[in-house]
Structure formats: C-alpha cells, structure tokens
1. In segment 118-149, which residues are polar (S, T, N, Q) and either on the phi > 0 side of the Ramachandran plot or buried (at least 22 other Cβ atoms within 10 Å of the Cβ) (or both)?
2. Against the definition (under 17 Å from the mean Cα position of the chain (by Cα) and either aliphatic (A, V, I, L, M) or more than 22 Å from Asn291 (Cβ to Cβ) (or both)), how does Ala96 come out, yes or no?
3. Tell me which residues, restricted to segment 187-208, are surrounded by fewer than 15 Cβ atoms within 10 Å (Cβ to Cβ), among the hydrophobic types (A, V, I, L, M, F, W, C) and assigned to a helix (DSSP H, G or I).
4. In segment 15-55, what residues are among the small types (Gly, Ala, Ser), assigned to a strand (DSSP E or B) and away from ligand 1 (no atom under 14 Å from the Cβ)?
5. Which is surrounded by 15 or more Cβ atoms within 10 Å (Cβ to Cβ), among the charged types (D, E, K, R) and at pLDDT below 95, of Lys284, Lys251, Lys266, Lys310?
6. So which helices (runs of 4 or more DSSP H) are wholly in segment 101-166 and hold at least 1 residues that are within 16 Å of ligand 1 (Cβ to nearest atom)?
7. Any chance segment 194-206 includes a residue that's within 16 Å of ligand 1 (Cβ to nearest atom) and polar (S, T, N, Q)?
8. Looking at Gly32, is it out of contact with any Lys or Arg (no Cβ under 6 Å at 6 or more places or on another chain), touching a residue at least 40 places away in the same chain (Cβ under 8 Å) and farther than 13 Å from Leu325 by Cα?
Amino acid sequence: MKAMILENICDLEKNDQPLRMATLPEPVPGKGEIVIKVSVCGVCHTELDEIEGRTPPPVLPMVLGHQAVGRVAALGPGAERFKAGDRAGVAWIFSACGSCEFCRTGRENLCASFMATGRDANGGYAEFMRVPEGFAHAIPDGLSDGEAAPLLCAGAIGYRSLCLTGIKDGQSLGLTGFGASAHLVLKMVNHRLPLSRVFVFARSAKERAFAIELGAAWSGNIGETPPEALDAVIDTTPAWKPVMEALLCLKPGGRLVINAIRKEAKDNDLLMQMDYPRHLWMEKEIKSVANVARRDVQDFLALAAEIPIKPEFQEYPLEEANLALMELKQRKIRGAKVLRIN
Ligand SMILES: [Zn+2]
Ligand SMILES: [Zn+2]
C-alpha cells in the first residue's frame, strides 16, 4: 500500500519535505482489531510537533495521521463491533490499558499506557490502517468523510477543552489562536451556549475576519484588550505570549485551558515575566488538555451531527501531505486540511 512515512525528526524551517512516499505491506488485523481502508485523513498541528521532535514517535519510520475516516476492509479474530464495509474513523486515542485507575473512570486519556494514533502506532496517511475495534468510531450519517475527519481531532479535543473551561451559558469565552479546533469550538458555543460571547485573538487578519464571519462577538490581535474581561480562555497556539496575554484578560476566578500538546521554545523567556498579582492572583487557574478519551470523540460526533457542524476544509492528495503540512506550519489556514486517499 501507499503511505507517507516519517523517517527522521527534522526542522521544518530547513526541510520542507519531511515525509516520503513509500510502499508498505498492507496491515493484517490481529485479535480484536480491524483494518480500515482510509478514504481521508485530517492534517493536524500535532503532526508538526511529531516531525519537529516536540512529541516524537518512539520508533521510526512512522505513518502519521490521527483523523482517519474510511471503510472497514478486514476483521481480525474476535472483532465483531463492525461489519466489512461499515464507515469507521480513528482519532488520536489508539489504545489504553483498560485497567488502571484512569481507564476505569473514563479518563483513559491520562493512562500511562496511552498510545496515540500516528505516533505510537501507524496512522492514516496511508491507504490502510489497523486499529483495535474498541477504539474505532462509527461516523454519523449526514457527515461526509471529509467533513468527519477534522472533527475526530480538532472537534473532539475542542469539545474536551470547552468542557474543561466549565463555562455556563452567558459567560464569556476567549479563544487564542483560530485554527481548526477553535473554529469548531466557536460553532459549539453558538449552539450550546447561545448567550455566551466569544472573543477571538489571532495574529492573522484573515483568521480574525473568519472568526467574525462565524459569529464571534469580537476579534483582535494577540495582546489586544477585549471589550470585557473573560470567564475562560482556550489557548490553541504553540507559543507562550498568548498564554501570558490571556491571563491578563481573565476575570477573577477565571480559567485558562491550554489545548496544546507541546509549546515551542522560542518565547520561553516570557514566562520569567509572570507577574503574580497581574497574571495569577484572584484565583485564576491554568489547566491543560491531554489527549482525548473515546467518550469525547463519541459525544462530539453526536453533537456535530445534531447541530450540524460541517467543518470547512481543503483537500490535498496524499502525495501532497508535505505541502499541506508546510501550509499549516506557515499558518495558511482557513478551516481544516484533509488528505484524500481513496
Ligand atoms: Zn490532532
Ligand atoms: Zn489505563
């Protein structure tokens, strides 16, 4: 089968072709596993973190991609959740131990044995992928493959982030960064929390205009002061400046949720400017979001079908995965990017 593989960790400023097209043997499903013929796979910022070594695959080469949608092509021994031909998707969570305190309480995203799709096991930048059947997700009717793919990561983790803010209808929410996840959060808030106002902080004027188009109450550059103090902020940027600025925008008791798997080191020094009375005092909180649990994916897919949320996306052929990744790196973003494979 055709697959785009990562063979070496590299700096994307110096190498704009991090992945190479290769021919790999078709995966064979083991006990309780299925093989999916991938039709589309979403392209995510986390791939940039993997390629640049902020969250590197433990073994190389690796097939990246954790927003895969396709059809079940083969069933391993004992696999019976799906039938051949069923539509199925795979998100960031590839597997977890199933027996630790976190797995037993629905917090499998925190499991020490958590395996990530496309990092710890081959993912969806390929014609076929293998996954434990319990970690594959049925895709609701009414969403095309291309619409469903970005929902599997950006949507599911956006949903988890929004839940972790704890905001109630009528409270105000800031979003720093306005990529795939944030634009889906805005749509969720419009539906679930219609009285809440959303304030979007983004460096790119295009992203700021897109936010207003989608119903944000206000948009401004990182560092600008919004017209009101915020109950919560979700940060989806790779940098620290937006975090420092967001803390200044929070109301007393407000919460900042950082939805980033790793932060780039470029502006680490800003953290030394943390001024306790201005940035943290008055019971402000900082919380990170780690991975997703299966429940997040399932609940979010159901919500997306109900609203409905149909993400805006651009398609690239599998061969052009490097182009899609570089555009993401250069923040040429309007909605999501997906690779079309079959
Ligand atoms: Zn992702
Ligand atoms: Zn576990």
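1. Within segment 118-149, Asn122 is the sole residue that qualifies.
2. It is false that Ala96 is under 17 Å from the mean Cα position of the chain (by Cα) and either aliphatic (A, V, I, L, M) or more than 22 Å from Asn291 (Cβ to Cβ) (or both).
3. Ala205
4. Result: Ala22, Ser39.
5. Lys310
6. Result: 145-150, 156-165.
7. No, segment 194-206 has no match at all.
8. Yes: the conditions hold for Gly32.
The values are calculated or read from the model by the stated rules, or taken from the named source; none is laboratory data. As the structure is a prediction and not an experimental result, all values here were calculated from the model. We place every Cβ from the backbone using ideal geometry, glycine too, and count neighbours over all the protein chains shown.
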